[in-house]
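Everything on this sheet refers to the single structure shown next.
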Amino acid sequence: MKQQDPGVLYSHHLGELSRRADAALARGGFDHLVIPSGTLHYQAFDDRDYPYAVNPQFKAWLPLTRLPNSWLIHTPGKRPTLVFYQPFDYWHAVPAAPSGWWVEHFDIHIIRKPDQALALLPGDPARCAIVGEPQSALGNFVPNNPEAVINHLDWHRGYKTPYEIALMRQAQVLGVRGHRAAEAAFRAGASEFEIHMAYCQAVGQDANDLPYGNIIALNEHAAVLHYTDLGRSAPQPLRSFLIDAGASACGYASDITRTYAAAGHGEFQALVDAVDAAQIKMCEAVRAGFDYKQLHIDAHLSLMGILKDFGVITVSPEAALATGVSAAFFPHGIGHLIGAQVHDVAGFAAGEHGGRIERPAGHPYLRLTRVLEPGMVVTIEPGLYFIDMLLEEVKKAGNAASINWGRVDFFRPYGGVRIEDEVLCTEGQADNLTRPAFAAAATD
């Protein structure tokens, strides 16, 4: 799988971000865009800090994810400035001196104490759009997050530059490496915790690097959508394995899910295969001009068709959708935007000026309601689960006859199935970023 060098693409990316920033500042009536990288947060009644998370607006400009107390300043017509915090410190590792393909594009000032940044920031904070979290305040430079500026920047972050896509492809390769190691550990009878450790070892990233907490679920645990408890002993018998885990490349995320059946569980494997085949068709539906809300509804109908074929529901897919039965088996959205954030921004935005496109009635967890356009990268993650509390709601709503409860009892011990890829919307056919990474890894 051929990878592009992000350094070659970075100048174009920076130019695009500068143009977006110029337009956002003009719309908000500001002279400067100021982006703090973020600070360490200390736990209550303790001197321990939470893991540092860089401001996503900051890492969209720079491939730096471990640089607290730093600042980026963009002024139209000028080179961007980076205030780079490199303290004198023997308690902690200090950031290395700025280096790499991005350095030549910035005026860089190194500071040793956080408050030294004040002398390097623009003179009048009132003329600045300061985009960050409240804890990043320094003197009179308090994040104001002006709505007009944020709306414009967030909207346009939905369209990925070639640089961003190159990093996301790198994140796919890393994530797939971890997924293959995790599957091997599962096949060897490992516990959830051991599978998680095998994943991290293969990717070379831990909780401070990964874009989100790994979901490692054996057997019934797959019915908990965000299961992260990580059991220390493998259940017996071992029936199924669902892994939802990604990786980071210079702050850009991958988000990949696969489900596996243990040896000897052929009917559940057949269900996994059916969802996988349906998911491939859903990915192919990612086309410019297609309404993502409709893709979500189509996914419900496709998944209910699978349950009908497997004898789990007794009604048509259309009836299951209309009565809410489908939501008991597929309770989340078909996916979301992804980029510098796993659930990337502006999924509901009506335009660069703001506004909101609401979710379809009865689908409260869909994270993207926009019409697809070239440059968007979305996840496609259909799932089927056997969740007792949701199935009880079906009974309470008077729809118990819509379900073959004996078939539910058969599949309940497996938890559920989810398959997830990332897909780039282009002017033509969908570009699946995930499947080629798996195919390439299989030939290594």
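The values are calculated or read from the model by the stated rules, or taken from the named source; none is laboratory data. Just so it is clear, the structure is predicted and the values come from calculations on it, not from any experiment. Glycine gets a Cβ as well: all are built from the backbone with ideal geometry, and neighbour counts include every protein chain shown. Side chains are part of the model used for accessible areas, which takes the heavy atoms of the whole protein and leaves out ligands, DNA and RNA. Shrake-Rupley method; radii C 1.70, N 1.55, O 1.52, S 1.80 Å.
Within a Cβ distance under 12 Å of residue 242, other residues only, what is the Lys/Arg minus Asp/Glu net charge?
After counting each charged neighbour, the total is -3.
Using helices alone, I'd like the mean residue ellipticity at 222 nm for the chain: each DSSP H run of four-plus residues gives -39500 (n - 2.57), total over residue count, nearest 500. Write down the numbers at each step before the final one.
Working: 12 runs with 151 residues, N = 444.
Computed ellipticity for the chain at 222 nm equals -10500 deg cm²/dmol.
Pairs of lysines 8 or more apart, or on different chains, with alpha carbons under 28 Å: count those in the chain, would you?
Qualifying lysine pairs in the chain: 17.
Quickly work out the residue 22-to-residue 78 label distance, labels modelled 7 Å from Cα along the C-beta direction, and quote it in nm with one decimal.
For the pair residue 78/residue 22, the computed spacing is 1.6 nm.
For the chain, with a Gaussian network of springs between Cα atoms less than 10 Å apart, report the residue from 415, 347, 204 with the top mean-square fluctuation.
204
Using the Cα centre of region 310-444 as origin and beta-carbon charges of +1 (Lys, Arg) and -1 (Asp, Glu), tell me which of 423, 433, 327 is placed farthest towards the positive end of the dipole.
Most positive-ward Cα: 327.
Report the local net charge at residue 93: Lys and Arg +1, Asp and Glu -1, summed over other residues whose C-beta lies under 15 Å from its C-beta.
So the environment of residue 93 carries a net charge of -3.
Quick check for you: which residues of region 372-386 have the amide N under 18 Å from the point 7 Å beyond the Cα of residue 427 toward its beta carbon?
The answer is 372-377, whose backbone nitrogens lie closer than 18 Å to the label point.
Give me the one-decimal nm value for the distance between modelled label points at residue 348 and residue 276, 7 Å along each residue's Cα-to-Cβ direction.
Placing both labels 7 Å beyond Cα along the Cβ direction yields 3.6 nm.
What angle do you read, to the nearest 10 degrees and between 0 and 90, between the alpha-carbon axis of helix 6-28 and the longest principal axis of the chain?
Relative to the chain, helix 6-28 is tipped by roughly 80 degrees.
What FRET efficiency would be calculated for the residue pair residue 49, residue 112, taking the C-beta separation as r and a Förster radius of 25 Å, to the nearest 0.05?
Working: r = 20 Å, r/R0 = 0.78.
My answer for the efficiency is 0.80.
Taking the Cα centre of region 251-314 as origin and charging only Cβ (+1 Lys, Arg; -1 Asp, Glu), how large is the dipole, in debye to the nearest 20?
120
Rolling a 1.4 Å sphere over the protein heavy atoms, what is the accessible area per residue of region 162-441, to the nearest Å²?
Computed with neighbouring chains in place, this is 37 Å² per residue.
Give me the percent of DSSP beta bridges within the chain that run antiparallel, rounded to the nearest 5.
Here the share of antiparallel DSSP bridges comes out near 80 percent.
Residue 418: net charge of surrounding residues, Cβ under 9 Å, Lys/Arg +1, Asp/Glu -1, itself excluded?
Net of charged neighbours comes to -2.
Provide the per-residue ³J(HN,Hα) series for region 223-229, in order, calculated from phi with Karplus coefficients 6.51, -1.76, 1.60 and θ = phi - 60°, each as a whole number of Hz, with x at glycine and proline positions.
Each residue of region 223-229 in turn: 7, 9, 4, 10, 6, 9, 6 Hz.
How do 426-437, 330-341 rank on mean C-beta neighbours within 10 Å, highest first?
Averaged packing, sorted descending, gives the order 330-341, 426-437.
Report the FRET efficiency, 1/(1 + (r/R0)^6), for residue 208 and residue 439, where r is their Cβ-Cβ distance and R0 is 30 Å, rounded to 0.05.
0.50
Please report, as a whole percent, how much of the solvent-accessible surface of region 162-441 comes from carbon and sulfur atoms (probe radius 1.4 Å).
The C+S portion of the solvent-accessible surface of region 162-441 is 54 percent.
Whenever you get a sec, compute what percent of the accessible area on region 6-158 sits on carbon and sulfur atoms (1.4 Å probe). Write out the running numbers ahead of the final one.
Values: 4090 of 7550 Å².
Roughly 54 percent of what the probe reaches on region 6-158 is carbon or sulfur.
What is the angle, in °, between the Cα long axis of helix 147-157 and the longest principal axis of the Cα atoms in the chain? Nearest 10 is fine, range 0 to 90.
Result, in degrees: 60.
Mind ranking 111-122, 65-76 by how tightly packed they are, going by the mean number of other C-beta atoms within 10 angstrom, highest first? Please list the in-between numbers first.
Values: 111-122: 14.8, 65-76: 20.7.
Top of the packing list down: 65-76, 111-122.
Between residue 236 and residue 263, 0.36 nm times their residue separation minus their Cα-Cα distance comes to what?
Extra length from residue 236 to residue 263 when fully extended: 8.4 nm.
Please compute the length gained on full extension between residue 40 and residue 409, using 0.36 nm multiplied by the number of residues separating them and subtracting their Cα-Cα distance.
Length gained, residue 40 through residue 409: 128.1 nm.
Hey, with R₀ at 41 Å, roughly what FRET efficiency would residue 92 and residue 229 work out to, going by the Cβ-Cβ distance, to 0.05?
Working: r = 30 Å, r/R0 = 0.74.
Approximately 0.85, to the nearest 0.05.
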